[in-house]
Structure formats: structure tokens, C-alpha cells
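The values are calculated or read from the model by the stated rules, or taken from the named source; none is laboratory data. No experiment lies behind these values; they were computed from the predicted model shown. Here Cβ is always computed from backbone atoms with ideal geometry, including for glycine, and neighbour counts include all displayed protein chains. Heads up: the accessible areas ignore ligands, DNA and RNA and are worked out on the full protein's heavy atoms, side chains in. Shrake-Rupley method; radii C 1.70, N 1.55, O 1.52, S 1.80 Å.
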Amino acid sequence: MESVLGRYRNLIILVGVLFLQVLGLATQVKRGGNDAENTRLIRIWVVGTITPFERGLVWVQNGTGNLWHNYFYLRGVRAENRQLKAQIEHMRLEQVRLSEDAAQARRLQTLLAFKEQFISRTVAAQVIGSSGSDLSRIVYIDKGENTGLKRDMAVITADGIVGKVLLVYPSVSQVLLISDQSSGVGAILEKTRLQGVLRGTPSGEVVLERVMSDEQVPLGETVLTSGGDQIFPKGLPVGTVTRVGNGKDLFLNIKIKPAANLSKLEEVLVLVEKQERQATAEDNVRVRAADILAQRLPSVPDKPATDTKATQGTLDGSAKPAAANAGSKPTGAATTPQASKNPTGTGNVHNAPVAGQTGKATDLTPAVQKPTGASGGTTTGSKPAPTQPKPTSAPPKASKPPSIQPSSTQPAPPQSNPQPPADESSPN
Amino acid sequence: MPITYTSGEQVEVYRFSIPITIGVPLLALFVQAFVPLKFPRFAVFIDLPLLVTIFFAMARRNPISGLLTGAVIGLAQDMLGHNQIGIYGIAKTVVGYGASSLGVKLDVENAGARLLVTLGFYLVHSAVYFTVARGLVNMPQTWSWGHGLLAGLANAVLGVALYFVLDKFKQRT
């Protein structure tokens, strides 16, 4: 017996070691599939040994890089600065358009009592390591429990989503990338509004599953998060459709190119806190499109002093009370020729019609965007202010310019700026 | 140089100092985890912990030592990922045992032999990993001969260079 054991000692030990590992694997599989949380205490030894070196190396690397880029290599900075300024100008114009759309969307959300999700706090983190295996697509970031990170928090970059926090250690965290085959993200196609599940493949590609094969999905369409996974807030960019083919079981196989460069991650943001609240239309009036435009016109004179009393008189009989959004209401001076150049009180004359043409003040706030209704007395706000006297049918006073006669409340002539037609405004 | 058949008494058995025994596998794990941040394809083709396992197993020429080295390095590699612990462990245990057993019987000191041995063990490692991941853990896996051979060749070439460096740390028993 002893000779047999001695002869096959190596083989017996091999079988024993393999058996122990198979047993360990079976235990993990039975406990909870792919749940790395169960083995966190075992993993922490290796992670705690390796990651400090990675963190140190990244620190040295960044320090060297910063020294070079900030002090020595400044070629092209001026040109880049000019380019960025031009880009800012372009983006401001884009912001004007988008703020209008956003305002409209918020009003609709308010009407429908939508719950909005807001990203209220993020933590910036540095990517310091990976799993080192193409079969486990994860990265390590240099923030952990000590910074308030928790499991299942979303990780994003400015370009798009990256993944979610899988395991949290005291000073580092493991992030599961969306390209991993065990990852799953609720996604929606931007234009067609088709919903699906974003998954990684063994080869590291990202595909959108669960879209029926009878749907038309155009190439290049943007994919956003749908919010259905309760991890990523709705509307974050995911990527673009690069290939559409037939998949299994009547579903399409849609290949997605991630918006974030998952293979070269350096800094990421972890969404530490999300807030959910009901949409309110008031939020959108703090920054108005007109204000944004006004910032681009420094030569425009400041808002002249308004005579509210006189203004009040001029409006009688011509307009109903304005919306309850105090911050966005135009002053009554808008009805005077002088004020019609500055209806918003921001020094903006960009879109103000000349008094006498339409008699309307141009206010780009969302609350006054509605097109005018029939003749005169159009309410521009969504709610009448309770303290506001009701418009009367009294004849216009002498100070009132003819331009604000009810008959003059025609839609403004088309303007070069793609903004809604000017409406008749009224003070509180 | 051809692979020659030698008796157990003819081959040299080496040992390594404790810092090298611990430090080299840790360094291999560190490099394997860090380099893909800069060169993403590195993790697709190169498996440094495997090369270190093969080197130590062949140099020590002790199957028990080889399989234990493979098991420890493989389990550590598993712990860095998020999949179940033990998949790399099993694969590298088999490789460690096989490399040390081969080292007892063959002269694997020359570059040509090392190239072929590393290529072969890379394929063995991939096959065991594939079998365990698919059969035991039910992970979706795809086998590609093209990728396997290409990655095996890349590892073999890198391995020959790496073994040359690590040879400096060998100590005769």
C-alpha cells in the first residue's frame, strides 16, 4: 500500500489539489452564480497587495505627465485656446436651442407628474488597474468605501457610461465594464425608442439584445440608457449602432460601439447620489434663452428703468395676467416702445419686434412661448397669478401705444433666429 | 537544439530565494493587471503568470512544487478578476504539474525547447480553462484555434526572453 502511495504521490496530490479547487468552484456556483461579493474576503488579499503598487505607479506617471504638459510642452496652447473659444460660442448657440427644448420637456413632464432623476453627487476616480484577463473585463479605481462608494453605483465618463461598481474595498473598487459578458444595462435607441438590454460578449464586443427582428434599426443611431436597470439614470449616452444582423429567437443582433473608450480609461465618475423628484416647470426659468443670447451682446444698453404703474395701465384690456414664474416674467415696460427693445430686462434686443409692428414683447422664457391664440388678450403664462387684477375691457389709455391694440396681436414675422413667435407678455 | 531525453540524474535542479519566489509571481500579476490600461491587446494575447508558472515548474523539476506554484499563481489571478475563484487555479495547477514533470524528463534549457514547451502549455492552459469555464461554471466561451496559436506563439516568444532573464536568479541545489 505504501509503495503505491509513494509511487503515485505526485499524481495523488495533483488530484487532491484539483479536487479542492473544483469543490471551491462548485460552492461558488451553487451560492450565487457570478456573485463576486461572496468571495470578497478572499479577494481582498490579492487586491490589497497589487493595487498599492498600481496606485503608486499611476501617481508617478501622472506627476511626470503633468510636469511635462503643464510646464514644458505648451506648444499650440494659443491655437487650442482660440479653437476652444470658437467652440464655446458654437455651444452657446446650441444651448439656446436646447434650453428651449428642455423647458418644453419639463413643462410636459410637470403636466404628466413625471419623476425626474438627477445626478446630485459624483466622485471622480482614477483607473489604476485591470483584471489582466480578457475573460474578466473589469478595472480597478482608486476610490472605495472610504470615499462613500457602494456596490452597484454607476460609473461614467463625459463620453458615456462605463460600467458599475462590482466590489468595494476600503480604498479601491472593482468596476465591471459594460463590455463584460456578465454585464447588463437597460438601453433605448434614441430615435426609434426601441428598448433592449445591453450585454458584453466573450470577445469584448457590446451588443444590444431583445430587440425584435421585425424592427428597423438604422446604423449610426445613438443608444442611451433607459433607466430600467435602476443603476444608470435615464438618458446617458451608451454608444452608436454599428451593425445590425439577425440574432437568435426572432431578435436582432445589434452591435454597439461604446461612446466611452473602454480600452483606454483614465478618469471616471462614480454616481454616488441620485435624486428623484417630481418635475417642476419653475426649474427651467432660471436661465432663459434670451439671457444667454444677451450675454453675447455686450453693447446692448442696460435695462431701462420701468414705470410699473404706467405699464400696468397700458396693459389693461390687452392681456391677461402672466404666468406665475416670477423670475421669468417680463416687465410691463415691454409694452412701451422703449421697453419693447428690452422686454426681458436683460438688455436683449435680439428678437424683440419693433413696437408698432406686432406690439408684442419677445420673451424666450418657456412660460411665454405659447403661440398666441385668437385676437388680443392672449394669456402667455401657464397659470394666472391670483393677485393679479383681471384684465378689463377698458379702453386703452393715452399712453398706450397703438401697437398693443388687440388687433395687433398677430404672430411675429419669421425671424432668422429659430425661436418661437413672440407672444404678448403681461406683468404680474 | 533538439529536445533531448535525459535521465532524472542528469538534469540540474534549481531553487530560488524567497524574495524571488514571492516577488516574481507578484510582479507578473502586477504587470499583467497594469499594462492593459496602456496596451489593451496585451491581456488578450499575453499571460505573464502562466509564463512564470512554467518557468518555476521547469526549473525546480518537482511536480508537487510545480503544481502548488501553479495553483497559488492561478488562484491569485482569479482573485484579481470577478469570475469564480478556481478557474485559472485549476488550469495553472495542471500546467505546473505538466511542466515540472516534463522538466524531469527533458532538457528544456535551450531556447528552441522552451519555445515549443511554452507554446504547448499555453494551448493546454487554454483548453483546461475553456473546459472548466464552460463545463463547470457554465460561462459562455468560444474556442478559436487561430487565436490560440497566435497567442501561444506570442507567449512563447516572450517566454524565451523572460526565461533568459529569470535564469539569472537560479541557484543550484
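Odds and ends about this structure:
- Among residues of the stretch A:1-42, those that are of a type in the set (K, R) and at pLDDT 85 or above, counted: 1
- Under the condition of being over 16 Å from B:A99 (Cβ atoms), more than 10 Å from every other protein chain (Cβ to nearest Cβ) and touching a residue at least 24 places away in the same chain (Cβ under 8 Å), the residues counted in the stretch B:125-148 number 1.
- Residue selected from the stretch A:132-150 under the condition modelled with pLDDT of 90 or more and among the hydroxyl-bearing types (S, T, Y), by the criterion nearest to A:T49 (Cα to Cα): A:Y140
- For A:R151, the criteria (1) crowded, with 21+ Cβ neighbours inside 10 Å; (2) within 14 Å of another protein chain (Cβ to nearest Cβ) hold in every case but one, which is (1).
- Residues of the stretch A:171-182 classified as in a loop (DSSP other than H, G, I, E, B), within 10 Å of chain B (Cβ to nearest Cβ) and open to solvent by less than 40 Å² (accessible area, probe 1.4 Å), total: 2
Quick grid of which residues meet (1) closer than 30 Å to A:G200 by Cα; (2) surrounded by 19 or more Cβ atoms within 10 Å (Cβ to Cβ); (3) not acidic (D, E):
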{"site": "B:N110", "(1), (2), (3)": "no, no, yes"}
{"site": "B:L136", "(1), (2), (3)": "yes, no, yes"}
{"site": "B:T142", "(1), (2), (3)": "yes, no, yes"}
{"site": "B:Y163", "(1), (2), (3)": "no, yes, yes"}
{"site": "B:F169", "(1), (2), (3)": "no, no, yes"}
{"site": "B:R172", "(1), (2), (3)": "no, no, yes"}
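- Residues of the stretch B:117-161 satisfying the condition of being at pLDDT 95 or above and of a type in the set (D, E, K, R): none
- Within the stretch A:45-55, the residues that satisfy the criterion of being of a type in the set (V, I, T) and free of Cβ contacts under 8 Å to residues at least 60 places away in the same chain are A:V46, A:T49.
- Test for A:V127: is it within 14 Å of another protein chain (Cβ to nearest Cβ), at pLDDT 90 or above and buried (at least 22 other Cβ atoms within 10 Å of the Cβ): no
- Test result for A:D180, charged (D, E, K, R) and more than 26 Å from A:T39 (Cα to Cα): no
- Close contacts from the stretch B:97-124, counting a first residue that is within 14 Å of chain A (Cβ to nearest Cβ) and within 17 Å of B:N62 (Cβ to Cβ) and a second that is open to solvent by 40 Å² or more (accessible area, probe 1.4 Å) and not in a helix (DSSP H, G or I), with Cβ to Cβ under 6 Å and a gap of 6+ residues or different chains, come to B:S100/B:N62; B:V104/B:G8.
- Any hit, the stretch A:72-81, residues being within 10 Å of another protein chain (Cβ to nearest Cβ) and among the polar types (S, T, N, Q): no
- Selected residue (criterion: most open to solvent (accessible area, probe 1.4 Å)) from residues of the stretch B:32-46 that are at the interface with another protein chain (Cβ under 8 Å from one of its Cβ atoms) and touching a residue at least 12 places away in the same chain (Cβ under 8 Å): B:V44
- The condition of being modelled with pLDDT of 95 or more and under 30 Å from A:L41 (Cα atoms) holds for only one of B:A76, B:A91, that being B:A91.
- The lone criterion from (1) open to solvent by 10 Å² or more (accessible area, probe 1.4 Å); (2) closer than 26 Å to B:P49 by Cβ; (3) over 24 Å from the mean Cα position of the chain (by Cα); (4) more than 9 Å from chain B (Cβ to nearest Cβ) left unmet by A:G144 is number (1).
- Sub-6 Å Cβ pairs linking a first residue in the stretch A:219-233 that is in contact (Cβ under 8 Å) with a residue 40 or more places away in the chain to a second residue that is among the acidic types (D, E), at least 6 apart or interchain, are A:I231/A:D152, ordered by first then second residue.
- Yes/no for A:R31 being in a helix (DSSP H, G or I), on the phi < 0 side of the Ramachandran plot, touching a strand residue (DSSP E or B) at 6+ places or on another chain (Cβ under 6 Å) and more than 8 Å from chain B (Cβ to nearest Cβ): no
- Boolean, B:K92 is of a type in the set (K, R), open to solvent by less than 40 Å² (accessible area, probe 1.4 Å) and closer than 19 Å to B:G66 by Cα: yes
- Yes/no for A:E215 being in contact with a strand residue (DSSP E or B) (Cβ under 9 Å, 6 or more places away or on another chain) and at pLDDT 90 or above: no
- Filter result for A:K191 (touching a residue at least 60 places away in the same chain (Cβ under 8 Å) and open to solvent by 50 Å² or more (accessible area, probe 1.4 Å)): no
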